[in-house]
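See structure below.
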Amino acid sequence: MTEPLLKARGLVKRYGRVTALDHADFDLMPGEILAVIGDNGAGKSSLIKAISGATLPDEGTITLDGREVSYASPLQAREAGIECVYQTLALSPALSITDNMFCGRELRKPGLLGKWFGMLDQKAMEKFAREKLSELGLMTIQNINQPVETLSGGQRQGVAVARAAAFGSKVIILDEPTAALGVKESRKVLDLIQDVRGRGTPVVLISHNMPHVFEVADRIHIHRLGRRLCVVDPKSISMSDAVALMTGAMRPDDIAAA
Amino acid sequence: MSDTPTRSNEDFEARLKDSDTAVADFDHAPRGMVGAIQHVLHANPTFVPVIVLLASIAVFGVVAGERFFTPFNLSLIMQQVSIIGILAAAQTLIILTAGIDLSVAAIMVLMSVISGKLAVEFGVPAPIAIVISFIGGIAAGYLNGWLVTRVKLPPFIATLGTWNVFFALNLYLSGAQSIRGSDIDEVAPLLKFFGQSIAIGSARLTYGTLLMIAVFVVLWYVLNKTAWGRHVYMIGDDKEAAELAGIQTDRTLRQVYMLAGFICALAAWASIGRVGSISPQSFYEGNLESITAVVIGGISLFGGRGSIMGALFGALIVGVFQSGLRLAGVDVLWQVFAIGWLIIIAVAIDQWIRKVSA
């Protein structure tokens with residue numbers, strides 16, 4: 001059996017008296033799309049924050065590519081190749097789309113200007129940003145230099161997804177990437193997710209949209225009460241059973257019995 | 001097929017392949033005069049202080065008579081605002097990160113006392129005394145940055161504390177005594193370097209004025225054309241988002257405070273040339289004057305918005321008002337009154353132009 005690319009064991013995260021993660025396990029295989037589903041408050045976002053470096057878990061270990069890792073900041077996770085789209089999107093409203101796409105990894109001009117004076121290559125960045133947005137089908141954005149605050153919620157989400165897809169090298173994590181998107185844009189995001197897998201990069205998809213989850217996921221991680229309840233194969237389980245599992249209407253044993 | 005109603009997930013996406021692929025483009029509805037002005041100002045926030053500056057120069061040119069509108073007087077205004085202008089540049093850096101620095105003027109006076117004491121009383125060569133004051137300025141900025149990022153104090157509280165600490169240190173080191181200009185001339189004329197000037201006709205451009213302009217030009221470049229500058233804006237806009245997007249926000253913040261401290265030390269050197277002596281009691285309200293310049297310059301106190309050039313124009317507007325009102329024979333108290341209204345009007349205009357979306 002192949003080793004998981006990203007593995008977490010016994011993650012615990014407490015916020016005061018609230019336990020968000022209760023000895024949660026997590027496995028992401030190379031080249032797969034893993035969906036994470038669960039009720040509101042089940043700890044999905046906490047799990048994602050722990051593996052993307054946004055929070056430091058109180059207990060537990062995370063292994064990437066066979067090496068144990070501990071991220072003090074999202075930057076370190078990014079440098080290791082883990083790219084994440086957070087529910088809050090992590091965009092700066094007053095800055096342009098281009099500035100946001102390249103946040104923290106700006107392109108410098110070639111030659112002396114870039115090396116000694118740190119001058120940014122605005123043209124190259126604008127071209128790249130426009131390409132990535134077009135790939136996502138976000139044709140309603142007219143001006144690549146307009147501030148993000150002038151975009152609609154869906155367009156903002158598109159910018160955040162485009163950013164992750166453009167830079168993620170090892171793992172891409174998408175927290176509710178289609179929640180605010182229209183039919184066309186959702187379809188593009190799902191196509192993009194499959195594209196990314198086609199390139200060999202595994203994707204973690206957190207979503208409440210069962211048709212989307214069942215369409216693209218290779219495996220489904222069901223999260224309940226701060227821990228992994230079970231992992232199921234979307235081809236051998238119905239949507240209603242998955243919902244029953246994640247809400248506690250059914251226990252994993254019942255499936256084995258059925 | 002088209003007669004049967006859509007029922008399944010596959011059906012409702014079936015027509016997507018025909019969707020339009022062009023980038024959207026619209027005719028713009030006419031905005032009207034006021035709307036057009038509002039829009040232009042929104043896209044170019046620095047226009048407001050520029051317009052106010054030009055208008056106030058024109059008005060005082062008429063009201064205060066021809067003495068105001070001479071090259072000599074206009075260059076004198078530049079000299080008078082140079083020190084507060086440089087402090088306003090440092091203040092802008094901090095305010096762009098959604099902070100505020102009440103200690104800028106205290107750092108400046110402390111550093112001028114340190115370099116003056118070292119050079120005049122302890123016989124340290126002037127260049128070394130100046131370098132030590134630069135290091136002191138950076139260290140003072142680091143202390144502010146450390147309090148803000150490590151101890152997690154709000155910038156207002158951290159710098160309110162250090163303002164008092166630096167002011168007390170300055171009184172202790174100087175013994176509350178001024179260092180006389182003649183003593184400086186004798187042993188360390190380099191300290192007064194920025195007091196020298198070049199004459200262009202009847203205008204006198206001091207090196208201090210040129211230093212102020214250079215500081216603004218360099219900072220404009222850094223803030224707008226380098227990655228570090230974009231990060232400063234991002235942190236001021238939304239610190240948490242910047243952190244998640246992979247910016248080392250705390251490290252950048254400490255660098256911002258250190259750079260501001262260094263600029264305060266530059267202002268210290270320039271102030272010795274401007275004042276001609278070193279007084280521990282001078283510039284006691286310099287911190288508030290620098291904040292005034294920044295606010296009149298249209299830079300948002302909530303961070304992340306505004307151009308550094310606004311602070312330069314803001315400082316000049318204050319200078320023009322003070323000079324114009326003085327030459328028009330208006331009492332000093334009405335100068336203060338006018339500056340007060342300027343601040344209120346500047347922020348009100350700022351709120352108004354924010355209401356449009358680009």
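Considering only region A:200-258, how many residues are of a type in the set (Ser, Thr, Tyr) and in a helix (DSSP H, G or I)?
Within region A:200-258, residues that are of a type in the set (Ser, Thr, Tyr) and in a helix (DSSP H, G or I) number 3.
Could you grab the pairs with beta carbons closer than 8 Å, sequence gap of 6+ or different chains, first residue in region B:67-92 and under 21 Å from B:Glu285 (Cα atoms) and at pLDDT 95 or above, second one aromatic (Phe, Trp, Tyr) and crowded, with 18+ Cβ neighbours inside 10 Å?
Partner pairs satisfying both residue conditions: B:Ile83/B:Phe283; B:Gly85/B:Phe216; B:Ala89/B:Phe216.
Just checking, which of A:Leu91, A:Leu95 is crowded, with 20+ Cβ neighbours inside 10 Å, in contact with a Phe, Trp or Tyr (Cβ under 7 Å, 6 or more places away or on another chain) and within 8 Å of another protein chain (Cβ to nearest Cβ)?
None of the other options fit; the residue is A:Leu95.
Is it fair to say A:Ala42 is at pLDDT below 90, farther than 16 Å from A:Leu6 by Cα and not in a strand (DSSP E or B)?
Yes: the conditions hold for A:Ala42.
Conditions tested, residue by residue: (1) farther than 30 Å from B:Lys239 by Cβ; (2) of a type outside the set (A, V, I, L, M, F, W, C); (3) over 17 Å from the mean Cα position of the chain (by Cα); (4) within 14 Å of chain A (Cβ to nearest Cβ).
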position	(1), (2), (3), (4)
B:Phe302	no, no, no, yes
B:Ile308	no, no, no, no
B:Phe313	no, no, no, no
B:Val318	yes, no, no, no
B:Phe321	yes, no, yes, no
B:Gly324	yes, yes, yes, no
B:Trp341	yes, no, yes, no
B:Val347	no, no, no, no
B:Gln351	no, yes, yes, no
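Return the total of residues in region A:50-64 being surrounded by fewer than 15 Cβ atoms within 10 Å (Cβ to Cβ) and out of contact with any strand residue (DSSP E or B) (no Cβ under 7 Å at 6 or more places or on another chain).
1
Please enumerate the residues belonging to region A:40-69 that are touching a Leu at 6+ places or on another chain (Cβ under 8 Å) and charged (D, E, K, R).
A:Glu59, A:Asp65
Determine which member of the set B:Leu147, B:Leu173 is in a helix (DSSP H, G or I), over 17 Å from the mean Cα position of the chain (by Cα) and without any contact (Cβ under 8 Å) to a residue 24 or more places away in the chain.
That would be B:Leu147, the only listed residue that is in a helix (DSSP H, G or I), over 17 Å from the mean Cα position of the chain (by Cα) and without any contact (Cβ under 8 Å) to a residue 24 or more places away in the chain.
Return the residue satisfying two criteria in turn: it lies in region A:58-81 and is assigned to a loop (DSSP other than H, G, I, E, B) and more than 9 Å from chain B (Cβ to nearest Cβ), and of such residues it is nearest to A:Gln142 (Cα to Cα).
A:Gly81
Could you tell me whether A:Cys84 is within 14 Å of another protein chain (Cβ to nearest Cβ) and within 24 Å of A:Leu229 (Cβ to Cβ)?
yes
The values are calculated or read from the model by the stated rules, or taken from the named source; none is laboratory data. If you're wondering where the values come from, they're calculated on a predicted model, not measured in any experiment. All Cβ positions, glycine included, derive from the backbone under ideal geometry; neighbour counts span all protein chains shown.
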